[in-house]
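Asks: For reference, the structure I am asking about is given below.
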Amino acid sequence: MSQDRFTVKAIGHIRTDFPTKFGVPRQSGLIPNLRAKIVLTGEFAQAEAVRGLEEYSHLWLLWRFSEVPEDYWAATVRPPRLGGNERVGVFASRSPFRPNSIGLSSVKIEKIETETPEGPVIYVSGADLMDGTPIYDIKPYLPYADCKPEASGGFAPQRGEALAVDFPAELLSRVPEDKRDALTGVLAQDPRPHYQSDPQRVYGMAFAGLEVRFRVADGAVYVVEVTEERDG
């Protein structure tokens, strides 16, 4: 086998409330209330593979940007944090359009169940992945090595300001109670593409089996409709 190539196979998949990429947080950890679960598959679906993992509080996930066409990458990209107008090198960004479409996320472990009908399941929070994303590897987060408080954040030195969310009680009541804080947090991060700013435009976002429609104006998100997601 060539030293420049090797075969990577998924060890499992993640289940989240995002059937499409619209609305998925732009970084992991931004919405702590977002819950997800990692289901191991095939030869990796064995309790021995996760033995000792419960001693850690956080994980690194290596995964694939499954919606990006294979063999497509760009040397320069336009990060949303720069308004979508200024270009930087792909290696100075977290753009999905990379030579290898690999993503990296840090998530918190909520619990681990080793004996389920699906095999070992790892429940996590703070994930920034679409439902069904293939997971390539799991590594424990080591605070002494992985946390660098003195690190510089380049053109994204800190998280963006959260928007106020106007969510009428009648509409919020249509959202399962255990999903409300997470959905409100996602909306507060302004899931719109950064190059769109029409205050009258209504956007639709699929979340946890619902279609959530909203608009953004004057520094606030206004939810205008919540319905059950339509199939197809």
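The values are calculated or read from the model by the stated rules, or taken from the named source; none is laboratory data. These numbers were taken from a predicted model, which means no experiment stands behind them. Please note: Cβ atoms are built from the backbone with ideal geometry, for glycine as well, and neighbour counts cover all protein chains shown. We work out accessible area using only protein heavy atoms, side chains counted, and drop any ligands, DNA or RNA first. Shrake-Rupley method; radii C 1.70, N 1.55, O 1.52, S 1.80 Å.
Asks: When the accessible area of the chain is split by element with a 1.4 Å probe, what percent falls to carbon and sulfur?
Replies: 48 percent
Asks: I need the shape label for segment 102-213. Rule: rounded when a/c is under 1.5, else prolate if a/b > b/c, else oblate, with a, b, c from the alpha carbon gyration tensor.
Replies: Oblate.
Asks: Suppose each label sits 7 Å from its Cα in the direction of the beta carbon; what would the residue 74-residue 218 distance come out to in nanometres?
Replies: 3.5 nm
Asks: Now for a separate question. May I ask you to compute the full-extension gain from residue 20 to residue 177, defined as 0.36 nm times their residue separation minus their alpha-carbon distance, rounded to one decimal in nm?
Replies: 54.3 nm
Asks: Assuming 0.36 nm per residue, please report the length gained on full extension of the stretch residue 111 to residue 86 beyond their Cα-Cα distance.
Replies: This chain segment gains 4.9 nm when fully extended.
Asks: Keeping all protein chains in the complex and leaving out DNA, RNA and ligands, what accessible area do you get for residue 58 with a 1.4 Å probe, in Å² to the nearest 10?
Replies: Probe radius 1.4 Å; accessible area of residue 58 about 60 Å².
Asks: Per residue, how much accessible area does the chain show when a 1.4 Å probe rolls over the protein heavy atoms, in square angstrom?
Replies: The answer is 61 Å² per residue.
Asks: For segment 6-99, what class follows from the C-alpha gyration tensor (a ≥ b ≥ c being the square roots of its eigenvalues): rounded when a/c is under 1.5, otherwise prolate if a/b is larger than b/c, else oblate? Don't skip to the end; give the middle numbers.
Replies: Working: a/c = 2.24, a/b = 1.65, b/c = 1.36.
It is prolate, given that a/c is not under 1.5 and a/b is the larger ratio.
Asks: Bin width 5 Å, origin at 0, all Cα-Cα pairs of segment 73-162: what percent of pairs per bin?
Replies: Using 5 Å bins, I get a P(r) of 3, 9, 15, 19, 20, 17, 9, 5, 3, 1 for segment 73-162.
Asks: Pop a pseudo-label 7 angstrom from the Cα along the beta-carbon direction at both residue 48 and residue 161 and give the gap in nm to one decimal.
Replies: Calculated label separation equals 5.5 nm.
Asks: Can you tell which of 219, 49, 151 lies farthest toward the positive end of the dipole of the chain, using +1 and -1 charges on the Cβ of basic and acidic side chains (Lys, Arg; Asp, Glu)?
Replies: Selected residue: 151.
Asks: Could you tell me how far the Cα centroid of segment 173-215 sits from the Cα centroid of segment 1-73, in Å?
Replies: Using only Cα atoms, the two centres lie 24 Å from each other.
Asks: So for segment 26-100, averaging the separation of alpha carbon pairs under 8 Å that are six or more residues apart and normalising by length, what relative contact order in percent results?
Replies: Averaging sequence separation for qualifying contacts and normalising by length gives 22 percent for segment 26-100.
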